[in-house]
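*Asks:* The structure follows.
The values are calculated or read from the model by the stated rules, or taken from the named source; none is laboratory data. Since the model is a prediction, treat every value here as computed from it, not as a measurement. We place every Cβ from the backbone using ideal geometry, glycine too, and count neighbours over all the protein chains shown. Ligands, DNA and RNA are stripped out before the accessible areas are found, and what is left, the full protein with its side chains, is counted by its heavy atoms. Shrake-Rupley method; radii C 1.70, N 1.55, O 1.52, S 1.80 Å.
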Amino acid sequence: NDLERSRLAYAFFSMFAGICFRDSYTTRDGMTSIRRAFAADELKRLLPTGWDVERRSPYRLLAVRHR
């Protein structure tokens, strides 16, 4: 379970953080976390056979093992 990197997620968080977390480390940390997160296709390439990537709540990725 991890964040999904996307321009839209970055833009939404940037707007939200500017209102809610003014002058807080949370803004800088959140922006860094989004920039360093995987895109869905990148994560899929890293997973072994039998695993897949599912999108969950907005901008979340979940690695799932199929049996």
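*Asks:* In whole Å, largest first, what are the principal axis extents of the Cα atoms in the chain?
*Replies:* 46, 18, 17
*Asks:* Please sort 27-37, 56-66 by packing, taking for each peptide the average over its residues of neighbouring beta carbons within 10 angstrom, highest first.
*Replies:* Values: 27-37: 14.1, 56-66: 12.5.
Answer by packing, highest mean first, reads 27-37, 56-66.
*Asks:* Where in the range 23-57 does the amide nitrogen come within less than 11 Å of the point 7 Å from the Cα of residue 10, taken along Cα to Cβ?
*Replies:* Within reach of a label on residue 10, which here means backbone N under 11 Å from a point 7 Å along Cα→Cβ, the range 23-57 contributes 31-37.
*Asks:* Sticking with this structure for a sec: What percentage of the solvent-accessible surface of the chain, computed with a 1.4 Å probe over protein heavy atoms, is contributed by carbon and sulfur atoms? Let's see the in-between values first.
*Replies:* Values: 2850 of 5270 Å².
Ligands and nucleic acids excluded, carbon and sulfur give 54 percent.
*Asks:* Could you run the Karplus curve 6.51 cos²θ - 1.76 cosθ + 1.60 with θ = phi - 60° over the range 8-14 and give me ³J(HN,Hα) per residue in whole Hz, x for Gly and Pro?
*Replies:* Listing the rounded values in order: 5, 4, 4, 5, 4, 5, 4 Hz.
*Asks:* Now for a separate question. Could you check the spin-label model distance between residue 49 and residue 20? Points 7 Å from the Cα along Cα→Cβ, value in nm.
*Replies:* 4.3
*Asks:* Under a 1.4 Å probe, what is the accessible area of the chain per residue, stated in Å²? Walk me through the numbers before you get to the answer.
*Replies:* On the way: 5270 Å² over 67 residues.
Averaged over the residues of the chain, the accessible area is 79 Å².
*Asks:* Looking only at the range 1-26, which residues have a backbone nitrogen under 15 Å from a spot 7 Å from the Cα of residue 62 in the C-beta direction?
*Replies:* 1-4
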